[in-house]
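Below you'll find the structure, written out as structure tokens, and then a few comments.
The values are calculated or read from the model by the stated rules, or taken from the named source; none is laboratory data. Note that the structure is predicted; figures quoted are calculated from it, not measured. Glycine also receives a Cβ, built like all others from the backbone with ideal geometry; neighbour counts cover every protein chain displayed. What goes into the accessible areas is simple: the full protein's heavy atoms, side chains included, and nothing from ligands, DNA or RNA. Shrake-Rupley method; radii C 1.70, N 1.55, O 1.52, S 1.80 Å.
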Amino acid sequence: MSPLISIEPLTKEAFAPFGSVIEADPSSARFINGGNTERFHARAEVDVVGEGARVIINIFRGQPRTFPYRLAMMERHPLGSQSFSPLHDRPWLAVVAEDEGGRPGKPRAFLASGRQGVNYGRNVWHHPLMAIEAASDFLVVDRAGPGDNLEEFFYEEPFVIPDLPSKETAR
């Protein structure tokens with residue numbers, strides 16, 4: 001039987017070992033543009049390394065996953081952080097794992113609201129984009145440039161995310 005993964009709420013404290021939560025936190029708000037714009041300042045920092053590295057902005061369109069979901073692989077980017085911010089108000093999953101001797105440990109699944117993004121730290125194991133209700137667009141900030149910035153790992157036995165919390169819990 002495959003090991004099960006429970007889904008945790010996405011909070012900045014719980015996610016801190018893996019990166020930053022990107023959301024409109026009132027404690028970071030500043031008014032700019034003559035008071036017409038509220039800026040939620042410095043929600044995450046982009047971290048890229050390597051000769052010729054540059055920061056790029058992308059839009060990814062994720063197709064919804066079906067559950068139960070068999071999680072068989074993780075990836076990481078050793079040369080740059082990678083942020084995902086939803087462009088639709090739909091919940092999604094951020095799945096991460098601590099490094100255990102150069103390979104990912106047991107994954108942790110965080111339920112993000114459609115108003116929360118994450119910035120995976122450089123070299124943090126994570127699962128590829130996991131939209132859950134419908135096809136969803138995400139603004140993605142990451143690294144481009146020379147060098148091998150992708151490492152993948154495939155578990156011998158997949159983990160299972162059995163089901164999603166109710167829609168009311170996810171909002």
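Report the paramagnetic label zone for Glu100: residues of the stretch 1-30 whose backbone N is under 14 Å from a point 7 Å from Cα along the Cα-to-Cβ axis.
Output list for this probe position: 3-5.
Which of the peptides 130-137, 102-109 is most tightly packed, and how do the rest follow, going by the mean number of other Cβ atoms within 10 Å of each residue?
Top of the packing list down: 130-137, 102-109.
With every protein chain present, what accessible area does Glu100 have (1.4 Å probe, heavy atoms only), rounded to the nearest 10 Å²?
120
Is there a quick way to get the dipole size of the chain? I mean about its Cα centre, with the Cβ of Lys and Arg at +1 and of Asp and Glu at -1; what is the value in debye to the nearest 20?
Magnitude of the dipole: close to 440 debye.
What does the net charge come to around Ala109 if you take all other residues with beta carbon closer than 14 Å to its beta carbon, with K and R at +1 and D and E at -1? Please report the intermediate quantities before stating the final value.
Working: positive: Arg65, Arg70, Lys106, Arg108; negative: Glu8, Glu98, Asp163.
Combined, the nearby Lys, Arg, Asp and Glu give +1.
Which residue fluctuates the most in the chain, going by a Gaussian network model with Cα springs under 10 Å, if the choices are Gly62, Gly80, Gly35?
Sorting by GNM fluctuation, first place goes to Gly35.
With the full set of protein chains in place, find how many percent of the accessible area of the stretch 7-161 is carbon and sulfur; take the probe as 1.4 Å.
The nonpolar share, carbon plus sulfur, comes to 49 percent.
For Cα pairs less than 8 Å apart in space and 6+ apart in sequence, what is the mean separation divided by the residue count of the chain, i.e. the relative contact order in percent?
That works out to 36 percent.
With a cut-off of 8 Å between alpha carbons and a minimum separation of six or more residues, what is the relative contact order of the stretch 1-86 in percent?
Value for the stretch 1-86: 21 percent.
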